[in-house]
Every structure is written in structure tokens, then in C-alpha cells.
Amino acid sequence: MARTRATDYDDKRRAILDRSAELFAEHGYDRASMSKIAEACGVSKANLYHYYRDKEELLFDVIRFHLEELLEVVEAADRPDLSPEDRLRELVAGLLEAYRDADAQHNVQINGMRLLPADRQGELKAVERELVKIFSDAVEGVAPQLKGTRLLKPVTMSLFGMINWHYLWFKSTGEVTRADYAALVSHLIVDGTRNLRAEPAGSPRRASAAE
């Protein structure tokens, strides 16, 4: 007879994921053994295996849950009915808010995905692509001249660069709030792309004078 799941199974699993993310971020994936994870979670090693059979499954779920939550927040924050500038700012603000209290998970996403097998990386990267598509559409809104050009992706990924690495310096008690930073990042993209021009993607690359 199959073992019946406890009514608080999902809550306990989430607590295990959160603590595992902290250990992976602090000590590194290799040094965070299942024994250490069980001890940090206040459960026996046998009980931990009831939830996860190995560290790979733990790592995958830490990143998967984080990415799915980011996507859910961003989809809720997306307002195509707003002006392009306001839509972009709301998206940036939504993503920054989703990162609140998730530094460990974010760290693991950035540094740990490469440790997973290719097929599992593919599942996670598919969610990342959904996130990128939403922001790419918003960038097109503020810089329509970039649609279909080779610069749309670099501009979009530069936007993510400003957002994704803020956790290294941002302090909730600092002079700049998350809303302030969302406005700043949005202005940088809007103002920085205003006079930006690019040839359509796939067109022959022109040599510069320096070449």
C-alpha cells in the first residue's frame, strides 16, 4: 500500500527547499551534503529522502520553484494597456519585488543551473525564455525601432543584467528604494535606446572604420 502524504507535505517540502537554497548559496552545492541539509532543516536524513532522493532533485526544484514564482509575478505585473514606459517600469518593479527575500534562490539560479544535466537545464531555460520574452516585448514598446534587429536581445539582456545583479549591492535600508531603482533602470533603457538604430537581424554586418 502506498504511503499517504502528510497534510503539511507541501509546506515541509517548501521549507526544505528554502533552507537548501541558503546552504547552496552560502557553502556551495558540492559542500552542502544531504546530511547537512537534513540537520539544517531539523529532520532526519531518512525523512529528507522521503521528500528528495538526492541533491540534484533538490537543486532542480530550488531553481524551478524560484523561476516559476518570478514568472507568475511578472505575468501579473505586465500591463500592456499602460504607456510603454509605464509598462516597462511596472515589469521591472514587479521583478525586483519578487527578488525580495530571495537572494539565496537567485544566487543558486545564477550559479547552480550549469551543474544540472542538459535535459533539466533545458526545462529551466524554457521558463527563463518566457521571462525574457515578456521583457523583450516591453523593450520593443519603448524602442520600436529595435524590433527584428540584432540589438533587441543585447538591450533586453542588459536590462536583466541591471536587475539580476542588484542583490550584490542593494540594501533595503539604503537611500535607494526598490521603486527608485525600478524607475532608474527603466529610464536608462528608455533614454539609452531613444536614438539607437540597428540593421534587421540576419542582414550582412557592415565593417566599421576600425576594421
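Per-residue answers, yes or no, for (1) aromatic (F, W, Y); (2) under 21 Å from D180 (Cα atoms); (3) open to solvent by 20 Å² or more (accessible area, probe 1.4 Å); (4) free of Cβ contacts under 8 Å to residues at least 24 places away in the same chain:
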{"site": "E123", "(1), (2), (3), (4)": "no, no, yes, no"}
{"site": "E130", "(1), (2), (3), (4)": "no, no, yes, no"}
{"site": "V139", "(1), (2), (3), (4)": "no, yes, no, no"}
{"site": "M157", "(1), (2), (3), (4)": "no, yes, yes, no"}
{"site": "F160", "(1), (2), (3), (4)": "yes, yes, no, no"}
{"site": "N164", "(1), (2), (3), (4)": "no, yes, yes, no"}
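All but one of (1) within 24 Å of the chain's Cα centre (by Cα); (2) open to solvent by less than 50 Å² (accessible area, probe 1.4 Å) hold for M34, so report the exception by its number. The failed condition is (1). Kindly indicate the residue of segment 178-199 that is part of a loop (DSSP other than H, G, I, E, B) and aliphatic (A, V, I, L, M) and also surrounded by the most Cβ atoms within 10 Å (Cβ to Cβ) among those meeting that condition. The selected residue is A198. Go through segment 141-155 and give me each residue that's part of a helix (DSSP H, G or I) and either open to solvent by less than 20 Å² (accessible area, probe 1.4 Å) or hydrophobic (A, V, I, L, M, F, W, C) (or both). Scanning segment 141-155 gives V142, L146, L152, V155.
Residue check: R87 meets all listed conditions (1) outside any helix (DSSP H, G or I); (2) in contact with a Gly (Cβ under 9 Å, 6 or more places away or on another chain); (3) of a type in the set (D, E, K, R) but one, namely (1). Among S172, S158, S203, S208, which is of a type in the set (S, T, Y) and modelled with pLDDT of 95 or more? Of S172, S158, S203, S208, the one residue that is of a type in the set (S, T, Y) and modelled with pLDDT of 95 or more is S158. Report yes if some residue within segment 95-110 is open to solvent by 40 Å² or more (accessible area, probe 1.4 Å), among the basic types (K, R) and more than 30 Å from H27 (Cβ to Cβ); otherwise report no. Checked against the condition, which is being open to solvent by 40 Å² or more (accessible area, probe 1.4 Å), among the basic types (K, R) and more than 30 Å from H27 (Cβ to Cβ), segment 95-110 yields no hits at all. Among the criteria (1) charged (D, E, K, R); (2) part of a helix (DSSP H, G or I); (3) open to solvent by 40 Å² or more (accessible area, probe 1.4 Å), the one E175 does not fulfil is (2). Out of the residues in segment 103-143 that are farther than 29 Å from T193 by Cα and of a type in the set (D, E), which is farthest from the chain's Cα centre (by Cα)? Per the criteria, the residue is D119.
Looking at S20, S44, can you tell me which residue is among the hydroxyl-bearing types (S, T, Y) and without any contact (Cβ under 8 Å) to a residue 12 or more places away in the chain?
Checking each option against the conditions leaves just S44.
Only residues that are under 22 Å from the mean Cα position of the chain (by Cα), of a type in the set (V, I, T) and open to solvent by 40 Å² or more (accessible area, probe 1.4 Å): list them for segment 38-90, please. The answer is V73, and nothing else.
The values are calculated or read from the model by the stated rules, or taken from the named source; none is laboratory data. All values derive from a computational prediction rather than experimental measurement. Ideal geometry is used to build each Cβ from the backbone, glycine not excepted, and the neighbour counts take in all protein chains shown. Accessible surface is based on the protein model in full, side chains and every heavy atom, while ligands, DNA and RNA are left aside. Shrake-Rupley method; radii C 1.70, N 1.55, O 1.52, S 1.80 Å.
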